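A.B. asks: Once you've had a glance at the structure underneath, I'll fire off some questions.
The values are calculated or read from the model by the stated rules, or taken from the named source; none is laboratory data. Computed from a predicted structure; not experimentally measured. All Cβ positions, even for glycine, are placed from backbone atoms using ideal geometry, and neighbour counts span all protein chains on display.
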Amino acid sequence: MKASKNLFHLFSAIAIVGILLIFFSCGGGGGGSGNGNGGEQSTNYNLNGLIQKGPFTGGATITIQELDENLVPTGKTYNTVINDDFGGFSIPVTLSHKYVEIIATGYYYDEVNDNLSSSTLTLRTISDLSTGESVNINILTNLARERIINLASSVFSFSAATHQAQLEILAIFNIPPWGVSNFDKMDISSPGDSNAILLAISSILQQVATSNASSPSTIVAELSQTLSLIISDIGFDGILDNQQYIDDISMASQILNPFKIKDNLTNRYSQLGQSIIPPDVENYLDCDRDGIVNIDDTDSCGFWVEIAEITSPSIYIRNIFFIDNNTGWIVGAKQEPPATGEPEQRILKTTDGGYTWGK
Ligand SMILES: [Ca+2]
Ligand SMILES: [Ca+2]
């Protein structure tokens, strides 16, 4: 497979150099908004986005608070509700500053347990509308919010604080940060690596809550408590130190069934009349708990991962077996069985885990 353990260490080293560069290049703090200090110039936004643990259901409430350059609420707020079961919202707002905090409270579809949450969950984001009017609120934006505020209150600009908080949170889940979108642009109902990362972390924390809950009715309370504890642990040092939660996260990452999660999500959206391709959550779990997520690991942990359709040589598969992660055979026929007689047989072999097949 690709990448390796060493690659992540390289990522970490480069990331630290990158952070230092940002740190030294933006000494003045603040963030340099186009609105400036006096900031009375108003801008109209068509603010929209998705609220997702799993998708929030209709009736969820959303509060938008304008924040000033120091991320302090100005007192200007807007309220709206979600009208569908996809977690979507859209509201025109007029703001004098580009920073907002969005707070959403509601029931959600639980993609791990395939049911609606038994009570409401509150998720937040702190976002910069100059990066776009679409702002998604999810478990990652919720984890990052307080850390961003703490970093931005020191010498970090808002964008550097956001970047740093995101690196730290991904590191808790052993996820290399390269090419990852801003948390508030991720969407569990679309394909892509960043979306897969969101779905993996959402599902892991849902599983932690499920495992720790004394009954199904307390899963959401358990999830809220888990989120609060992680937020306060990483608030000032960016590192999760609570060993119990480190172990719980690792265990959840192992026991989750990623294909059931994808099926659950696909079926849920299908029941609501929407066809989706869920992201490949299996890539960002760690099924053997060695600290390397599956996409970068050489272990397959006994489950199959779809990598490519075999188009050449053509084969009608009858059986497939592997003796290790890389070496396997397909037994089949050159074409679909004819109505009478036997089709011509074919055996193909792979030595690279199924990426290429030959005779
Ligand atoms: Ca800590
Ligand atoms: Ca692993």
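A.B. asks: When only residues in the stretch 38-58 that are more than 26 Å from the chain's Cα centre (by Cα) and not in a strand (DSSP E or B) count, which is surrounded by the most Cβ atoms within 10 Å (Cβ to Cβ)?
C.D. replies: Within the stretch 38-58, the match that is surrounded by the most Cβ atoms within 10 Å (Cβ to Cβ) is G39.
A.B. asks: Check T105, T61, T94, T77 and return the single one that is farther than 21 Å from K185 by Cβ, modelled with pLDDT of 50 or more, surrounded by fewer than 13 Cβ atoms within 10 Å (Cβ to Cβ) and hydroxyl-bearing (S, T, Y).
C.D. replies: The conditions single out T94.
A.B. asks: Still on this structure, I have one more. Evaluate the following for F56: is it within 30 Å of D233 (Cβ to Cβ) and either out of contact with any helix residue (DSSP H, G or I) (no Cβ under 6 Å at 6 or more places or on another chain) or free of Cβ contacts under 8 Å to residues at least 60 places away in the same chain (or both)?
C.D. replies: Spelling it out, F56 is indeed within 30 Å of D233 (Cβ to Cβ) and either out of contact with any helix residue (DSSP H, G or I) (no Cβ under 6 Å at 6 or more places or on another chain) or free of Cβ contacts under 8 Å to residues at least 60 places away in the same chain (or both).
A.B. asks: Now a separate question. Are any of the residues in the stretch 288-302 of a type outside the set (D, E, K, R), more than 22 Å from W178 (Cα to Cα), away from ligand 1 (no atom under 16 Å from the Cβ) and at pLDDT 75 or above?
C.D. replies: Within the stretch 288-302, none of the residues are of a type outside the set (D, E, K, R), more than 22 Å from W178 (Cα to Cα), away from ligand 1 (no atom under 16 Å from the Cβ) and at pLDDT 75 or above.
A.B. asks: A further question follows. From the list Q271, Q244, pick out the single residue that is under 28 Å from S118 (Cα atoms), of a type outside the set (D, E) and within 16 Å of ligand 1 (Cβ to nearest atom).
C.D. replies: Q244
A.B. asks: On to the next question. Pairs needed: first member in the stretch 151-176, at positive phi and touching a residue at least 12 places away in the same chain (Cβ under 8 Å); second member anywhere, of a type outside the set (S, T, Y) and part of a helix (DSSP H, G or I); C-beta distance under 8 Å; at least 6 residues apart or different chains.
C.D. replies: Once the first residue is at positive phi and touching a residue at least 12 places away in the same chain (Cβ under 8 Å) and sits in the stretch 151-176, its partners that are of a type outside the set (S, T, Y) and part of a helix (DSSP H, G or I) give N174/F8.
A.B. asks: Given the stretch 174-289, what helices (runs of 4 or more DSSP H) lie entirely inside it while holding 2 or more residues that are closer than 27 Å to I148 by Cα?
C.D. replies: 193-212, 219-234, 243-255
A.B. asks: Search the stretch 233-256 for residues being more than 16 Å from ligand 2 (Cβ to nearest atom) and out of contact with any helix residue (DSSP H, G or I) (no Cβ under 8 Å at 6 or more places or on another chain), and hand back the single one that is farthest from L205 (Cα to Cα).
C.D. replies: D237
A.B. asks: Pull up the stretch 177-201, narrow it to residues that are in contact with an Asp or Glu (Cβ under 7 Å, 6 or more places away or on another chain) and in contact (Cβ under 8 Å) with a residue 60 or more places away in the chain, then point me to the one that is surrounded by the fewest Cβ atoms within 10 Å (Cβ to Cβ).
C.D. replies: By that ranking, first place goes to N195.
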